[in-house]
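Q: Pasting a structure below so you can have a look.
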Amino acid sequence: MAFKPLSALNRRDILKSLAAAGALTAGPGLGQLAFSTPGMAMADDGRILVVLFFRGGMDVMNFIGPSNDAVYIDARPADLRLLDSGDRAGIALDSDLAPGVDFRLHPEAGALHEIYRQGDLAIVQATGLANATRSHFEAQELMERGLAAEPKGNAALGTEGGWAARLLQQMGGNGGLTAVSTAGGVPRLLQGFPQALSIPDLRNGFGLPGGAGTQAVLERLYPGGGQSAAFNPDVSRSGRTALDAALRLNAALPRGPDGKVAAYQPEHGGAFEGDIGRSLETVARLIRMDAGLKVACVDMGGWDTHEGQAGRFKGLIHQMSGSLATFWNDLSDYHDRLTLVTVSEFGRRLRANRSGGTDHGHGSVMMVLGGGVAGGRLLGRWPGLQPQDLDERVDLAVTTDYREVLATVLKHRLGITQFDTVFPGFRPGTGDPALFRA
Amino acid sequence: MVVSTPAPPSGAAVPPSAEWIFLNRFAYGPRPGDATALKQQGTARWLDEQIRLAAQPDPAPETRQHLDTAVLRIKYDAGDGWAALDEMRPLRTLGQPVDALWQLNEPGRKQPYQERVRPRMELAAATVIRSVYDPAQLGQVMTLFWHDHFSVNGADSYTAPALPAYDLAIRTHALGNFRDLLEAVATSPAMLIYLNNRSSRGGAANENYARELFELHTLGRDAYLNTQYDRWRDVPGALKGAPEGYIDQDVYEASRAFTGWSIQSGQDLGGYKAPSDGRFTYIEGWHDNYQKRVLAAEFDSYQPPQTDGHKVLDLLAAHPATAHYICAKLVRSLLGGEPSPDLVRAAAATWLDNRQRPDQIARVVRLIALSPAATAGWGARPKRPLELVASFARATGTPVTASEPLVGVMDSAGQKLYAWPSPDGHPVSDDYWLGAQNMRARWTLALGLAEGAWMPPGLAASAQMGPAAGHSGQAVAFWSDRLLGSPTAIDAGALLGGLDLDADAPPRVDNKTGEFANRRLAAYVAMSPAFQLR
């Protein structure tokens, strides 16, 4: 099958293909562009931020654990922790985070370890929300809104939407395909940025039902520019955004002779596995379209492992590690512009339950992958696992506010220096996580 | 020829009639004539009849007939231990007890995924059929509300065999008493599997169910005070025996109360092997029998079997925070938009006053439905995909039956019936429902139903239209009246302009079906912003 590498497509090609598809002359609307946002004074150097959210509270202790810690060994059966010897030993991490502590990585995370070893991936231990919530939904929401706690009174104004949405407002749009979520709907992270698109999958294209007639009718039913007749402006605007996305994306996707969207082949090997792979493949396609992507939000679920954790966790780590490495290697042309950061709402209880699983805990971990990252290191501050060191005597304590890591990424990679808007009420600490090369 | 600039929208500033709005909120939209009938009958009598219908143990004959004749494709390739299959199969799992389906889940038994999760597909398909045809519309709306409130992912092969029994349990109590509903859920194999309580044992209990019981099923997140208080006695009201909310200590203790609430799944219980049939069981040997304290109430050691768990359910069901949280969610779900605090307060008072009554929930729903807010604020909330599908089918008479692709498109429009991946149920937020992918799939639903993409022959348009069938402008007005409650609710000029059709000309007719243009016009009216709203 003739396959045109996506990287060969540039914005001009996309415009040409749109014109060929008749989209640019199809009537009012497209030119007025739901995509375009008022530009701010920031230079657009094409930086791309990918936020990968591990939903369900990922068990850090089963991912990157202090394999030789006696408390750790006592708290968990062997299949829920990292071992320092034997057939299933964890991968030893080169780290000076805590002298004498042998941090190991899950044995299924070999592909991730390779990136770590190359110096592109940094890991910050014991991150999260400073407060003590162990509710998934409260913790996820706070993290997506960029908060430490639910604000009261006037302080709550303007904090309903996501921090990524506020970041985008600050960065300004460039008339492109600016913000994407690979979930079916728009996640809280992007709520408040009206042009945010949800695009779970591009493997079957992103066409409209019913062909050209439908397209022409929808152009008029969802005219954009605030002219809609609907009672609910959100519906009109969303329809317009979906319509524009369908036209742009569908025309730009490379197709085989049978008209079907050509299979995506990541460069430099590897494979996109599972749901996380499908999502990262979608983001990789969008990045290669060079259509102005600034922020992509990717979810990976399945981490709420209260029961039978060992087997499920192994599979999830394998998919996550392999897909992330594939994504990074595939996009080698974009490394200078690309940063990926991971979050999870919390980690799990240090002590396992009797269902072969773990319950909601506290301290978690964040990973930062990207150009300029001073990787190959565990960063942050390891609080230790002695009873008095634990949060509420049961969980890994949080020593680095999750916003500290995000702010560092935003500062070094996107040139953001004012964090008040993005993370209301947040003042960056003095502790420099030393995430980036000078 | 088309004009290049669309005419300014007309007509749409006028909301549909109160009856129209009401039937989009407390039913799955009006069929032709329903709004007029409701106006004659009055809302109170309509509610009496709906509450009576919902209490019937058996489905209405017409519902029964549609369910009995439905067939749903099941198709898979040959695999390890099974042959390839492609057949149209009746809905056989509906209403089946868990033991009748438990073999779908048996460890070591080789079965394709499609067989394992068949109950979810059948229940989703049956739900579409019921929402279109079941005369007990309010019961259907409330059953779905509680399924989302007590969300279980039935696309998980472990929970799937227990899903039909779960549906029956929820359906039975949907307009009944909340404490009864709560216990039916707590002892349901589906929930015991989904939130892992089945494996919870004393020593280090599994906290999953207890946590979501407090946060999602009863008191709600606003009553989770863990970031403010470390000890139970510090929670306001606790020392008087009436704590305002809960903290992690309550969750830990409640999880101990539910240890031993399990299902029979062949466990080795010390010389005795439990049967493997998925039924609820209480395993005394797994229960943590020592004293507990939940919401400032003391539990003595060594209570009779299940007493600890029952007591937790009693405390939670009776708590004012539960009344407030669920009533606010009910008002928001039924009416859309920000709920009026006065209405929520009134509903919560009714909830608490009637907590011993068998029709507690019906009384609360009745209060909401008879309030002025019931028909105010049109358009505040987008329809969910099922509401879109059912209201289209009901308004146009498009025949609907079981269909795997239809369920698939509803899925990609955001409504994963019985398959939401986390225990919080589908989001209330409009932003979620209006993502680009979800919008695209909504349009696909309207067009696919009208054109019979999944259920041929689709909408029999012309037969219903009379003279309007031969006149494009009148045809749009006809479908606007049917779908939006007024012939002028849609901008006909804009719609016809997109099709390059003159309002006075007849719609172009497809030679094969004689339907193409008229049913497509109906679909386009349904793809408009106005039809997305309720």
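Q: For segment B:137-213, with only Lys/Arg (+1) and Asp/Glu (-1) charged at the beta-carbon, what is the dipole magnitude about the Cα centre, in debye rounded to 20?
A: The calculated dipole for segment B:137-213 is roughly 140 debye.
Q: A further question follows. What order do you get for A:271-281, B:523-533 when each peptide is scored by the mean count of other beta carbon atoms within 10 Å, highest first?
A: Highest to lowest by the protection proxy: B:523-533, A:271-281.
Q: If you take the square roots of the eigenvalues of the alpha-carbon gyration tensor of segment A:72-122 and sort them as a ≥ b ≥ c, do you get rounded (a/c under 1.5), prolate (a/b over b/c) or oblate?
A: Note, shape of segment A:72-122 comes out oblate.
Q: In whole Hz, what ³J(HN,Hα) sequence does segment B:318-324 give by Karplus (6.51, -1.76, 1.60; θ = phi - 60°), x for Gly and Pro?
A: Each residue's phi maps through the Karplus curve to give 8, 6, x, 5, 5, 4, 5 Hz.
Q: If you take the beta carbon distance between B:Ala380 and A:Leu157 as r and set R0 to 30 Å, what does 1/(1 + (r/R0)^6) give as a FRET efficiency, to the nearest 0.05?
A: Calculated value: 0.90.
Q: Another question, if that's okay. Out of all DSSP beta bridges in chain B, what portion is antiparallel? Express it as a percent rounded to 5.
A: 95
Q: Taking H as built 1.01 Å from N, whose amide H comes closer than 5 Å to the amide H of B:Met455, not counting residues under 5 places away?
A: Hits under the 5 Å cutoff: none.
Q: Could you sort B:Trp82, B:Trp286, A:Trp163 by their accessible area in this structure, using a 1.4 Å probe and putting the largest first?
A: The residues order as B:Trp82, B:Trp286, A:Trp163, largest area first.
Q: In addition: What residue among B:Trp146, B:Ile21, A:Gly376 has its Cα farthest toward the positive end of the dipole of the protein assembly as shown, where the charges are +1 on Lys, Arg and -1 on Asp, Glu, each on the Cβ?
A: Projecting each Cα onto the dipole axis, the largest value belongs to B:Ile21.
Q: Ranked highest first by average number of other Cβ atoms within 10 Å, how do B:185-194, A:307-316, B:481-490, A:400-409 line up?
A: B:185-194, A:400-409, B:481-490, A:307-316
Q: Between A:Asp79 and B:Asp504, take the C-beta separation as r, use R0 = 56 Å, and let me know the FRET efficiency to the nearest 0.05.
A: Here the calculated transfer efficiency is 0.15.
Q: How much area per residue is accessible in the protein assembly as shown when the probe is 1.4 Å and only protein heavy atoms are counted (Å²)?
A: Roughly 37 Å² per residue, with all protein chains present.
Q: Quick one: dipole size for chain B, taken about the Cα centre, charges +1 on Lys/Arg Cβ and -1 on Asp/Glu Cβ, in debye to the nearest 20.
A: The dipole of chain B has a size of about 500 debye.
Q: Enumerate the amide H contacts of A:His360 below 5 Å, restricted to partners 5 or more residues apart or on another chain; note that Pro and chain-start residues carry no placed amide H.
A: Long-range HN contacts for A:His360: A:Arg349.
Q: Projected onto the charge dipole of the protein assembly as shown (+1 at Lys/Arg Cβ, -1 at Asp/Glu Cβ, origin at the Cα centre), which of B:Ser157, B:Gln291, B:Gly470 gives the Cα projection farthest towards the positive end?
A: Projecting each Cα onto the dipole axis, the largest value belongs to B:Gly470.
Q: In addition: Can you list the HN-Hα couplings for segment B:403-413, worked out from phi with the Karplus curve (6.51, -1.76, 1.60; θ = phi - 60°), rounded to whole Hz and with x for Gly and Pro?
A: In residue order, the calculated couplings are 7, 5, x, 4, 4, x, 6, 4, 3, 6, 7 Hz.
Q: Given the DSSP H assignment, sum -39500 (n - 2.57) over each helix run of at least 4 residues in chain B and divide by its residue total; what's the result at 222 nm in deg cm²/dmol, nearest 500?
A: That calculation yields -13000 deg cm²/dmol at 222 nm.
Q: Once amide H atoms are placed 1.01 Å from N in the peptide plane, what residues at a sequence separation of 5 or more from B:Arg279, or on another chain, have their amide H within under 5 Å of its amide H?
A: It is B:Gln264, by chain and number.
Q: What is the spin-label model distance, in nm, from B:Thr307 to A:Gln386 if the labels are put 7 Å beyond Cα along the C-beta direction?
A: Rounded to a tenth, the inter-label distance reads 4.4 nm.
Q: What is the helix-to-structure angle for B:118-133, meaning the angle in degrees between its Cα long axis and the longest Cα principal axis of chain B, kept from 0 to 90 and rounded to the nearest 10?
A: With rounding to tens, the tilt is 50 degrees.
Q: For the protein assembly as shown, what are the per-bin percents of Cα-Cα distances with bins 20 Å wide, up to the bin holding the maximum?
A: Once binned at 20 Å, the Cα pair distances of the protein assembly as shown give 13, 44, 36, 6, 0.
Q: Using a 10 Å cut-off on Cβ to Cβ distances, tally the other chain neighbours for every residue of A:298-310 and report the average as a whole number.
A: For this peptide, the per-residue mean of nearby foreign Cβ atoms is 3.
Q: To continue, here is another question. Past 20 Å, Cα to Cα, is the threshold; run B:Lys240/B:Lys292; A:Lys152/A:Lys294; A:Lys294/A:Lys411 against it and keep the listed order.
A: As for pairs spanning more than 20 Å Cα to Cα, those are A:Lys152/A:Lys294.
Q: Ignoring ligands, DNA and RNA, please state the percent of accessible area on chain A from carbon and sulfur, probe 1.4 Å.
A: 50
Q: Given Cβ point charges of +1 (Lys, Arg) and -1 (Asp, Glu) and nothing else, what value in debye, to the nearest 20, does the dipole of the protein assembly as shown about its Cα centre take?
A: 1440
Q: Another question about this same structure. Relative contact order (percent) for segment B:134-186, with alpha-carbon contacts under 8 angstrom and 6 or more residues of separation?
A: Relative contact order comes out at 36 percent.
Q: Nearest 0.05, what FRET efficiency do B:Arg52 and B:Glu298 give at R0 = 56 Å with Cβ-Cβ as r?
A: In this case the efficiency is close to 0.85.
Q: So, one more: Modelled label-to-label distance, B:Gln356 and A:Ser332, 7 Å Cα→beta-carbon offset: nm?
A: Once both label points are built, they end up 7.7 nm from each other.
Q: May I pose another question? For the Cα atoms of chain B, what angle does the longest principal axis make with the long axis of helix B:137-149, in degrees from 0 to 90, nearest 10?
A: Result, in degrees: 50.
Q: While we're here: What average number of partner chain Cβ atoms lie no more than 10 Å from the Cβ of the residues making up B:192-204?
A: For this peptide, the per-residue mean of nearby foreign Cβ atoms is 4.
Q: What ³J(HN,Hα) values, in whole Hz, does the Karplus curve 6.51 cos²θ - 1.76 cosθ + 1.60 give for segment A:367-384 when θ = phi - 60°, with x put for Gly and Pro?
A: Each residue's phi maps through the Karplus curve to give 10, 10, 10, x, x, x, 6, 7, x, x, 9, 8, 10, x, 9, 7, x, x Hz.
Q: Please compute, for peptide B:376-386, the average count of beta-carbon atoms on other protein chains lying within 10 Å of each residue's beta-carbon.
A: 2
Q: According to a simple spin-label model (label point 7 Å from Cα along Cα-to-Cβ), what is the distance in nm between B:Ala60 and B:Glu87?
A: If labels sit at B:Glu87 and B:Ala60, their model points lie 3.3 nm apart.
Q: Could you point to the residue in A:Ser321, A:Ala352, A:Gly363 farthest towards the positive end of segment A:312-400's charge dipole, with +1 and -1 charges on the Cβ of Lys/Arg and Asp/Glu respectively?
A: A:Ala352
Q: B:Leu295 accessible area, nearest 10 Å², 1.4 Å probe?
A: 10
The values are calculated or read from the model by the stated rules, or taken from the named source; none is laboratory data. None of these values were measured; they are calculated from a predicted model. Don't worry about glycine lacking a Cβ; one is built from the backbone with ideal geometry, like all the others, and counts go over all protein chains shown. Accessible surface is based on the protein model in full, side chains and every heavy atom, while ligands, DNA and RNA are left aside. Shrake-Rupley method; radii C 1.70, N 1.55, O 1.52, S 1.80 Å.
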